[in-house]
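Reviewing the structure listed below.
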Amino acid sequence: MGIKSDFVQENESLSRRGVLRGLHYQLQHPQSKLCRVIEGIVWDVIVDIRIGSPTFARWIGVELDSLSAHEIFIPKGFAHGFMVRSELARFVYKCDDFYFPGDEYGILWSDPGLAIEWGNRQPILNRRDAAFPPLSEVEETQLPRYSDAL
């Protein structure tokens, strides 16, 4: 089947151990992402937040590191976040739509309904990510819809 995305933007972030970014998504300009780590190790998490999806509110986590060079593809309609497990991590991701700051939404990283296993470490968060609501408190109008034609 393969990836059917035309990537238009590539982003890179550098973070230190314990930094958690996410769980982010865009609604009006949804993005598919192809993510990899070029330095260090991260725990990468995606959550299906598509209303009507058979896997709604389920998550998966994978370890990405610079040695294995594994990548993860994140389809549109999923929230995404990662936590740095090494001293430093350089995270690179390609997107099939541009970043629109006014269209960024998020889900609380520690949402008890999702019970994501981030590990034992207390994360370092920015204010915005710490203030996102749990999925159960997000209005349906602020979530993507499931479609069989992905």
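Put simply, the C-alpha atoms of the chain give a gyration tensor, and the ellipsoid matching it has half-axes of 22, 19, 14 Å, longest first.
Dipole orientation for the chain: of the candidates Ser53, Ala130, Gln9, Ala130 has the Cα lying most toward the positive pole (charges on Cβ; Lys, Arg +1; Asp, Glu -1). Sites listed here are trypsin sites (Lys or Arg not before Pro) in the range 1-34 whose DSSP assignment is loop and whose Cβ has at most 14 other Cβ atoms within 10 Å: Lys4. Each peptide in 66-73, 41-48, 103-110 was scored by the mean count of other Cβ atoms within 10 Å over its residues; highest first, the order is 41-48, 103-110, 66-73. Taking 0.36 nm per residue of separation and subtracting the Cα-Cα distance, full extension of the segment from Thr141 to Phe100 would add 13.0 nm.
Only the coordinates and a few stated rules stand behind these numbers; no lab work does. This one's a predicted model, so the numbers in the text were calculated from it and none came from an experiment. Here the Cβ is made from the backbone with ideal geometry for all residues, glycine too, and neighbour counts use every protein chain on show.
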